[in-house]
Amino acid sequence: MLALLDHSELELQRRIIGGKPPLGPGADPIERLVAFGHAKIKLMPVQGEMLIEAGEEIYQHGAYWVAVTHIEHLLKLAGKSDDSLLTAQFLMSALDPRLILRQLYLQKITLTRISRTWEQIARSVANSAE
């Protein structure tokens, strides 16, 4: 199951490392953080069920920790170094596939609205004073 996820995760990682801003290098860290969340949410209809089936194993998978480390790095670049790992994990938890698929399919909330709300939360957290 996790092998199927690797392809889309590797593609996302390539875009993060060498793609165009705002997801790739060269953009403001907060803009990159927002773009990352949008990219993860956009992948949810494709990846969500596989991530759910992977269960707790997903938290041991490298892709999860790459994502958390990326968010943590962007938070530090934005000046939010206090508890950056925990903050990154909290932001990542808002990208949980069980939550997003429930919002999308059961609550009938659009991906656009989910992305917009995630952006508001991410900006608020990244811009908050230490």
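Readers should treat all values here as calculations from the given coordinates under stated rules, not as data from a laboratory. The structure presented is a predicted model; accordingly, all values stated were derived computationally and were not measured. Methodologically, a virtual Cβ is constructed for each residue, glycine included, from the backbone with ideal geometry; neighbour enumeration extends over all protein chains shown.
Brief remarks on what is shown
- Potential extension, D82-S124 segment - 0.36 nm per residue separation minus Cα distance: 13.6 nm
- Between T112 and L10, the FRET efficiency estimated from the beta carbon spacing at R0 = 41 angstrom works out to 0.95.
- Over the stretch 2-127, the hull volume per residue, using the convex hull of the C-alpha atoms, is 93 Å³.
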